[in-house]
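Only one structure is covered here, and it is reproduced in the block below.
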Amino acid sequence: MKKNLRIGLIGTGFMGRTHSNGYSQVAHFFPELEYRPVLQAVCSRNEASVKAFAEQWGYAAYETDWRALIARDDIDAVDICTPNDTHAEIAIAAAEAGKMILCEKPLARTVAEGQQMVDAINKAGVANTVWYNYRRIPAVSLAKQIVASGKLGKIFHYRANFLQDWTINADLPQGGAGLWRMDVAAAGSGVTGDLLAHCIDTAMWLNGAIVDVSAMTETFVKERMHQLTGKVEPVGIDDACIFHCHFANGSLGLFESTRYARGHKALYTFEINGEHASIRWDLHDLNRLEYFDHRDESIVRGWRSIHVTDGDQPYMGKWWVPGLGIGYEHSFIHQVADFLKSIETGAPCHPTFQDALETQKVCEAVIDSANARSWKDTGVESFAM
Ligand SMILES: NC(=O)c1ccc[n+]([C@@H]2O[C@H](COP(=O)([O-])OP(=O)(O)OC[C@H]3O[C@@H](n4cnc5c(N)ncnc54)[C@H](O)[C@@H]3O)[C@@H](O)[C@H]2O)c1
């Protein structure tokens, strides 16, 4: 007999859909799990749209106030899919109500906010995870296995990009529905918290703590109409950010993110160069991991392109047959599966709030460094790998 995990999901936008899909699919592909998510209630502020969302995805009930959702005694886990400025208040209230929490990234807008969230979940002792979902794309999980196996040898370089091009138009407003990412009060930062946070989470998971950073940021369009006030207001987010850093293992990191790279929609790439071997990955070709091993016989030595679709590669035994790829949405299904497994075993589901706080520290050091035009220590001493 399966045990139910009754989900209360808050926020019905992009992530509300990916998570709802994850909960809906997981039991079909991970039938061995003891827990089964139940779509118990969903919340967003507009009644007509939340009602339609509940009907579309099969939620049993809906609410228009997140406090009412948290107050329900038929909810076991609260899933936070709302803009960044709401994460702390909702998470702290959910922890105080004794609910498990799955929170979207970045954990918060600042380290101070994130620390309060970590304190709240520690005090409540509730299960928690943060949706840095790229870890759970099978090719990225395979990269983790390869690094952990030591095949790369001593690591010298870690390089990551996250490039987009959707905010180049100076007439695009900031703030409000759909565009809260452009408003620093709602988002906390621009590409640093939105995109580089993903790169930093993956990087520290694969290569350990980032200890110090030197960054530059730019805001190319300095003023935009604010959708909520109707006034032209200064833009407070970083449109682009480039930083370099030291990892605790002695390797050097180079990171770039922008929303002004014409032609790139979501080009997340990383490359790691070690003493013996290198790996690289590209979100636009997410089922492949590139691998170069200098120890190969010289006449056949070269980059190999591993199609990560075999049953013995991470997560792939759960899907189709070798050679058939999967997509972006599967990373969320995998995270739901891993969260359910963690409840079964009592082990943490990484990245936890604590892990995400470490990523937040790097993000904050990056912004501080750019503002001060100087190197900043991150304060990250270790990272759960
Ligand atoms: N893991 C990822 O790859 C990934 C991708 C995109 C977004 N995100 C994160 O997910 C979160 C949501 O982003 P999104 O792209 O889904 O945003 P979105 O704008 O598409 O959706 C936000 C939703 O939250 C609702 N909402 C806002 N304030 C609310 C409130 N006070 N009470 C109830 N509902 C409220 C909105 O009505 C909307 O339904 C953000 O923290 C973002 O950084 C993560």
*Which peptide among 98-108, 238-248 comes first, and what is the full order, when sorted by highest mean count of other Cβ atoms within 10 Å?*
98-108, 238-248
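Past the 18 Å Cα-Cα mark, which pairs from Lys3/Lys99; Lys3/Lys341; Lys222/Lys361; Lys341/Lys361?
Going by Cα-Cα distance, Lys222/Lys361; Lys341/Lys361 fall outside the 18 Å limit.
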*Cβ charges +1 (Lys, Arg) and -1 (Asp, Glu), total dipole of the range 3-133, debye*: 140
*In percent, what relative contact order does the range 60-164 have, based on Cα pairs under 8 Å that are 6 or more apart in sequence?*
21
_What number results when the radius of gyration of the chain, computed over Cα atoms, is divided by 2.2 N^0.38 Å?_
0.98
*For the range 12-17, Karplus couplings with θ = phi - 60° (6.51, -1.76, 1.60), whole Hz, Gly/Pro x*: 10, x, 3, 6, x, 6
_Per-peptide average of other Cβ atoms within 10 Å, ordering 70-78, 227-235, 353-361 highest first_ = 353-361, 70-78, 227-235
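Given the range 3-133, report the % of alpha carbon pairs whose separation exceeds 21 Å.
Roughly 36 percent, rounded to a whole number.
Give the peptides 322-331, 181-190, 269-278 in descending order of average Cβ contacts within 10 Å, highest first.
My ranking of the peptides, most packed first, is 181-190, 269-278, 322-331.
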*Considering the Cα trace of the range 220-264, what is its radius of gyration and what is Dmax, both in angstroms?*
16.1, 49
*How far, in nm, would the chain grow between Ser49 and Lys151 when pulled straight, counting 0.36 nm per residue and subtracting the alpha carbon separation?*
31.7 nm
*With contacts defined as alpha carbon pairs under 8 Å and 6 or more residues apart, what's the relative contact order of the range 3-133 in percent?*
23
*Rounded to whole Hz and in sequence order, give me ³J(HN,Hα) for the range 232-248 from the Karplus expression 6.51 cos²θ - 1.76 cosθ + 1.60, θ = phi - 60°, writing x for Gly and Pro.*
6, 10, x, 8, x, 8, 7, 6, 8, 8, 10, 9, 10, 7, 9, 8, 4
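Listing Phe29, Phe162 from the residue with the fewest other Cβ atoms within 10 Å to the one with the most, what is the order?
Phe29, Phe162
Relative contact order (percent) for the chain, with alpha-carbon contacts under 8 angstrom and 6 or more residues of separation? Working shown, then result.
Numbers: 868 pairs, mean separation 77.5, N = 385.
Relative CO of the chain lands at 20 percent.
Every number here is computed from the coordinates shown, using simple stated rules; none is lab data. Computed from a predicted structure; not experimentally measured. Note that we place each Cβ from the backbone using ideal geometry, even for glycine, and neighbour counts take in every protein chain shown.
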